[in-house]
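The values are calculated or read from the model by the stated rules, or taken from the named source; none is laboratory data. It should be emphasised that the depicted structure is a prediction, and the values quoted were computed from it without experimental measurement. Cβ placement follows ideal geometry from the backbone for every residue including glycine, while neighbour counts extend to all protein chains displayed.
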């Protein structure tokens, strides 16, 4: 026993027990920062609440993509299938049965999770390009089903007439979009907290293992596919809630909510922000949609070109996304202060 | 002694090519057995057959009395038949500690808990600390495996296997790629394995084999050539023949 203590003590004295196991997020400050920035934006940009609301709901969707891609290594271009299903489920429930916003979110999450589990069980044996093709196919099928089921979804006209009840029976959705934005921000922050909990759980640890080496997971007695399907389902719940949130805050659901471009755009936003960090999804979404908004207003003819240049710049100079740049900056600031985090 | 692994008449054909034929051997609790043979003798095929990576053409495998011949690889792992890999197969971005946490959680089937906190799972921290100490990896616990020295990666391989609480442990060239000067550390770690464990080591380095093994099994051309104590094997002319070629014919 004493020899153990001695050895530990010596090792600790000789080599600094530097926590090289890099933090995958900014520790405890990432999520409060999102909440604070969101509230600051509410005061600073009162005329852009509609845009901010879209950003918050989209960020939750991109977060769902980070769960599957950043923590499970599942390459997908069909995440909008879950978003669209959730949005339609929330809208249909609101129009026909119950327009409480929380009921709508629950309906969206349930529908998104179920469609993800069902399709995930079918397609997740594949990897790489094959899987990419299959996820696109699932998205197309969902979109086509929504198109054909006109009686429920409104087909290509979209599902309109969604009129959510006041939040908790107290806060009406006002014409300035204040309630919408604060509700969306609250749901996003709650989503971040839950996602953080999940990626730090035993389940999250196992999923990271599958991402790195599925065969090694089999060699310690685990089933890589069951982890991936479960993760896909969990992310489907997030995407479905994001879809439901869009239905609540915009009052309309269109076919494009399940479309391929929306899946691809989410991937661009995630890569822009940085994968495998959770808050990278928020940064990427805010950056992409914010710049999109500014450029489209200032130069309606060439804004697409500028977006392209911006993306190329990020990929060239910050391959880990904006979040990796922030982390490096944070590391530079912290090191001179000489703050050693407790190793063991 | 309880027989932990019983292999009977194990054979494997790939088309007309017989890579393993009629191999029979047993491992009992506490055994320290080395499996040797020249290149192409079918050592890796044998390990793959026993661990369930490939199905056998004929024969039976029993683990602790239970027929596991038809069980999938992951199920055999859950029953206590564990292997380490010849080339360290680890999760590069994860820390040493995370590897062991994952292995212990997986062993206890506690991984499908999306809302638990790894840091607060009962008993986990203590068990991981014990494993780290047993392999002398305590000071490297928070190091990402990608930046770990190769010898330490090999130690982690063994620690991972140990975390699975094996009954039978198959070590596939545990010191491969490690400088000779450091292989002693690996051997020390192997010496500290629980005594009631049956260990089968596949190894080329005869130095290591003689230091580790109480018994040796020799494979040649997919067949079991002979088995016995180290002394018997060294004295056996057939072993010389397969290792040194057919020069023995000149006698």
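So that you can scan it fast, the table gives a plain yes or no per residue for (1) modelled with pLDDT of 90 or more; (2) over 30 Å from residue A:126 (Cβ atoms); (3) within 14 Å of another protein chain (Cβ to nearest Cβ):
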| residue | (1), (2), (3) |
| --- | --- |
| A:1 | no, yes, yes |
| A:8 | no, yes, yes |
| A:13 | no, yes, yes |
| A:22 | no, yes, yes |
| A:30 | no, yes, no |
| A:60 | yes, no, no |
| A:63 | yes, no, no |
| A:101 | yes, yes, no |
| A:104 | yes, yes, no |
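Scan region B:43-78 for residues that are in a helix (DSSP H, G or I) and either closer than 27 Å to residue A:72 by Cα or within 9 Å of chain A (Cβ to nearest Cβ) (or both) and jot them down. Outline the logic, then answer.
If we filter region B:43-78 for residues that are in a helix (DSSP H, G or I), which is where we start, we get B:43-51, B:73-78.
Selection gives B:51, B:73, B:74, B:75, B:76, B:77, B:78.
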* Kindly indicate whether any position in region B:109-116 is out of contact with any strand residue (DSSP E or B) (no Cβ under 7 Å at 6 or more places or on another chain), under 30 Å from residue B:61 (Cα atoms) and surrounded by fewer than 23 Cβ atoms within 10 Å (Cβ to Cβ). => yes
* Asked: Taking residue B:197, is it more than 14 Å from chain A (Cβ to nearest Cβ) and either on the phi > 0 side of the Ramachandran plot or out of contact with any helix residue (DSSP H, G or I) (no Cβ under 6 Å at 6 or more places or on another chain) (or both)?
  -> yes
* To do: Please give the number of the condition residue A:307 fails out of (1) farther than 17 Å from residue A:321 by Cβ; (2) outside any loop (DSSP other than H, G, I, E, B); (3) free of Cβ contacts under 8 Å to residues at least 24 places away in the same chain.
  => (1)
* How many of the residues making up region B:164-194 are without any contact (Cβ under 8 Å) to a residue 60 or more places away in the chain and either on the phi > 0 side of the Ramachandran plot or outside any loop (DSSP other than H, G, I, E, B) (or both)? -> 12
* Asked: What number goes with the only condition from (1) more than 7 Å from every other protein chain (Cβ to nearest Cβ); (2) more than 14 Å from residue B:50 (Cβ to Cβ); (3) crowded, with 17+ Cβ neighbours inside 10 Å; (4) within 18 Å of the chain's Cα centre (by Cα) that residue B:96 does not pass?
  -> (4)
* Residue selected from region B:117-133 under the condition at the interface with another protein chain (Cβ under 7 Å from one of its Cβ atoms) and in contact with a helix residue (DSSP H, G or I) (Cβ under 6 Å, 6 or more places away or on another chain), by the criterion farthest from residue A:217 (Cα to Cα) -> B:133
* Tell me which of these residue A:194 doesn't satisfy, since it passes every other one: (1) more than 19 Å from residue A:281 (Cβ to Cβ); (2) surrounded by fewer than 21 Cβ atoms within 10 Å (Cβ to Cβ). => (1)
* To do: Give just the number: which of (1) part of a helix (DSSP H, G or I); (2) more than 10 Å from chain A (Cβ to nearest Cβ); (3) at pLDDT 85 or above does residue B:161 not satisfy?
  => (2)
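Of the residues in region B:197-233, how many are surrounded by fewer than 14 Cβ atoms within 10 Å (Cβ to Cβ) and out of contact with any strand residue (DSSP E or B) (no Cβ under 9 Å at 6 or more places or on another chain)?
2
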* For region A:183-203, enumerate the residues that are at the interface with chain B (Cβ under 7 Å from one of its Cβ atoms) and either over 28 Å from residue A:258 (Cα atoms) or touching a helix residue (DSSP H, G or I) at 6+ places or on another chain (Cβ under 8 Å) (or both). => A:198, A:200, A:201, A:202, A:203
* Criterion: surrounded by 24 or more Cβ atoms within 10 Å (Cβ to Cβ), out of contact with any strand residue (DSSP E or B) (no Cβ under 7 Å at 6 or more places or on another chain), modelled with pLDDT under 95 and within 10 Å of another protein chain (Cβ to nearest Cβ) - qualifying residue of A:221, A:209 -> A:209
